């Protein structure tokens with residue numbers, strides 16, 4: 001009954017969304033509060049209806065109602081309830097409804113938070129949100145109906161792809177959808193600002209937290225996806241430059257550019273058209289990603305089935321939305337004029353612009369590499385392939401420039417950096433860069449890119465640590481606080497800025513983790529129980545793995561073959577590691593899946609893959625010769641740093657997001673204020689309450705009113 | 001509106017660098033994506049194709065898979081998707097993807113990157129399997145046997 005109710009809810013939601021959308025725009029146009037209110041209530045109502053629809057799907061999964069096509073294809077009786085629940089977003093049909101659910105929830109939240117604070121922008125923003133809600137409701141009703149019935153009740157479902165039965169894969173998609181959908185809100189406010197003609201930084205103030213929220217979820221989602229690939233795909237890597245991976249990276253790259261360039265508009269009144277363009281582009285990238293992932297047009301390891309209808313719909317949505325936004329921007333160009341101009345190449349504005357250009361460059365390279373085979377085939381008919389070597393060759397050098405900018409951007413002066421400013425901020429970090437490079441070279445690191453990554457990383461970290469140190473010291477002196485208190489207050493006073501620095505620390509750690517792949521080690525060996533294999537890590541440790549044997553067992557729903565190794569590190573026993581292959585019998589037909597063995601230390605992973613084994617003959621036999629199997633043993637240096645870096649990034653973003661951060665409090669307590677311009681970019685702007693305007697008043701006192 | 005030259009200089013500079021990287025990246029790393037018969041034709045026309053890496057897709061021949069017991073070495077046969085008479089033997093020295101299944105229960109398309117050797121073997125450095133049915137393109141109808149079970153009264 002409940003699933004039927006869910007479907008019914010979707011049918012009701014459609015007219016409400018269209019109705020609400022029309023009312024929102026009319027209400028805004030005619031300044032009719034009653035219409036605006038009605039539209040706002042429509043948004044709330046749609047959220048409730050989406051919740052009912054989602055409950056309907058979950059109930060159908062939990063109750064093994066295989067008469068539904070979607071449940072039949074993505075579940076089975078003996079699937080763990082946890083994964084039955086995740087059926088809501090496991091496949092195309094559910095995930096598009098889940099998308100709508102998230103979008104409706106974010107829309108309601110946006111309305112709730114802004115309806116009284118931003119009366120001017122809210123009606124149009126709500127109208128845009130309702131238009132997209134209508135779009136997603138229509139898709140769930142007419143294109144990919146999650147409630148479609150087979151017309152009979154199969155005894156069991158086909159089961160969930162075992163590769164998706166992984167913790168990370170369960171949280172990765174919803175996190176991605178949270179990031180994608182929440183970006184609709186900043187886009188809606190940007191469109192609203194264009195329609196109303198209110199193009200000061202109001203819409204940016206309103207949406208700053210939203211942008212950071214989307215960015216936070218996108219970041220987590222990309223990292224979760226990498227983690228899943230690393231654990232589950234079993235080839236020792238975490239990123240393959242697969243179109244679906246690229247799709248998730250694209251909005252992230254543009255959103256990152258936007259997060260930075262917004263600061264320029266906030267503090268200098270520049271780049272208004274640019275920012276408008278970036279918010280539109282980020283949003284278009286979320287749709288483009290959906291198009292790439294779901295159309296199946298681009299060959300991918302883990303794409304959804306080819307669905308040209310969906311492809312055309314999302315492509316159409318992209319063109320219409322993009323065209324609409326473009327027309328609005330052109331119409332409002334006179335209002336988007338820059339208040340100031342670039343004065344010097346050696347300035348924070350330039351550094352941020354550079355950062356933006358580079359991020360967009362990466363975006364373009366990724367799109368190009370992903371689409372090139374399709375374009376070539378369409379234009380010349382010859383099929384070609386562009387793979388990871390292309391993306392690495394192009395993106396690593398760009399990434400290194402980005403890393404450099406990450407050290408320069410935060411501390412170079414606004415407007416025009418004086419030689420004094422440059423000396424003061426870059427002499428010491430520059431020396432650290434050179435020493436780090438020299439030490440690494442002396443230690444035998446000859447891989448240029450890796451060496452540069454570590455040395456530039458050291459440079460950026462030094463810049464950030466010095467910033468923290470200067471800020472804390474200044475605050476401790478002026479407020480007469482103990483250092484730790486001063487440090488905490490410093491961060492709390494301007495969470496956007498210091499949170500951002502912490503994000504940078506995480507990014508540096510993560511880049512170093514990527515660079516570690518230059519030093520991967522691997523051995524492949526066929527073994528019988530009792531034999532050992534040794535592998536030396538780039539850090540000089542020697543791991544010796546002794547194959548103890550293989551056990552094969554039939555557990556409900558799968559046949560499990562587990563290989564056991566005892567592990568010695570530099571001659572000392574450190575325990576054991578298992579690696580296994582499972583044949584999941586619950587799916588039709590049975591599907592094999594490997595579970596690699598991973599043993600992590602602070603700096604490296606030991607990663608063991610059971611490559612080939614004749615497990616079928618093994619049941620009930622003890623003959624060691626039959627237990628012969630081939631293994632691939634890898635040492636992946638610095639991979640753990642990717643996950644640590646991810647944690648640090650998430651922490652930094654959360655600090656920036658924490659309620660209260662960046663709320664403009666106009667009162668600047670005079671007693672605790674610092675002297676303007678006392679130390680350019682030296683962390684003395686702790687008083688500045690605008691989260692994303694690092695020391696705009698202190699370092700550019702003459703231009704900021 | 002005063003045009004900021006530096007702004008455009010920066011824009012053009014970065015665009016030039018990125019374009020250069022993309023251009024050289026594509027020309028250095030791009031490989032042809034062929035079917036086995038296309039590959040063989042091309043090698044006949046220009047033998048130097050053998051030197052360069054190539055991406056090939058073919059259908060896995062059921063039952064053709066064997067693996068060595070003494071080293072990590074998989075061997076299997078693929079046939080041209082359009083012409084079943086053209087076959088190619090493939091050697092691969094890394095772990096296979098989980099979805100590699102030569103039981104014949106379903107059609108498995110294999111996408112390999114590697115090099116065609118003079119001895120007629122394709123030496124793959126990368127193997128991907130594509131079997132849509134693992135993902136979404138599942139048959140709409142379950143086996144007929146299930147149809148007659150449990151229909152009455154259980155739906156609705």
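Each value in this text was obtained by applying a stated rule to the coordinates, not by laboratory testing. These numbers come from a predicted model, not from an experiment. Methodologically, a virtual Cβ is constructed for each residue, glycine included, from the backbone with ideal geometry; neighbour enumeration extends over all protein chains shown.
Rounded, prolate or oblate: which one fits segment A:134-203, using the alpha carbon gyration tensor with axes a ≥ b ≥ c (rounded when a/c is under 1.5, else prolate when a/b beats b/c, else oblate)? In terms of gyration-tensor shape, oblate. Computed over segment A:1-160, the P(r) curve from all C-alpha pair distances, binned at 10 Å from the origin, holds 12, 38, 26, 15, 7, 1 percent per bin. Reducing segment A:511-526 and segment A:343-393 to their Cα centroids gives an inter-centroid distance of 26 Å.
Annotation: the residues A:415, A:497, sorted from fewest to most other C-beta atoms within 10 Å of their own C-beta, follow the order A:415, A:497. For the residues of A:73-80, the average number of beta carbons from a partner chain within 10 Å of their own beta carbon is 1. Over all pairs of distinct alpha carbons, what does the Kirkwood formula give as the hydrodynamic radius of segment B:8-129, in Å? Computed over segment B:8-129, the radius equals 16.0 Å. Taking every C-alpha pair closer than 8 Å and separated by at least 6 residues, the mean separation divided by the residue count of segment A:1-160 gives a relative contact order of 35 percent.
Take each residue in A:148-154, count the other chain C-beta atoms within 10 Å of its C-beta, and the mean is 6. What is segment A:87-195 by shape, rounded, prolate or oblate, if you read a ≥ b ≥ c off the alpha carbon gyration tensor as root eigenvalues and call it rounded for a/c under 1.5, prolate for a/b larger than b/c, and oblate otherwise? Since a/c reaches 1.5 and a/b is larger than b/c, the shape of segment A:87-195 is classed as prolate. Classify the protein assembly as shown as rounded, prolate or oblate, taking a ≥ b ≥ c as the square roots of the eigenvalues of its Cα gyration tensor: rounded when a/c is under 1.5, otherwise prolate if a/b is larger than b/c and oblate if not. Since a/c reaches 1.5 but b/c is at least a/b, the shape of the protein assembly as shown is classed as oblate.
Relative contact order of chain A, taken over Cα pairs closer than 8 Å and 6 or more residues apart, is 11 percent.
Counting other Cβ atoms within 10 Å as a rough exposure proxy, the listed residues B:27, A:338, A:75, A:295 run B:27, A:338, A:295, A:75 from fewest neighbours to most. With a 10 Å cut-off around each Cβ of A:113-126, the average count of Cβ atoms from other chains is 0. Both the radius of gyration and Dmax for segment A:350-396 are 13.3, 43 Å, in that order, over alpha-carbon atoms.
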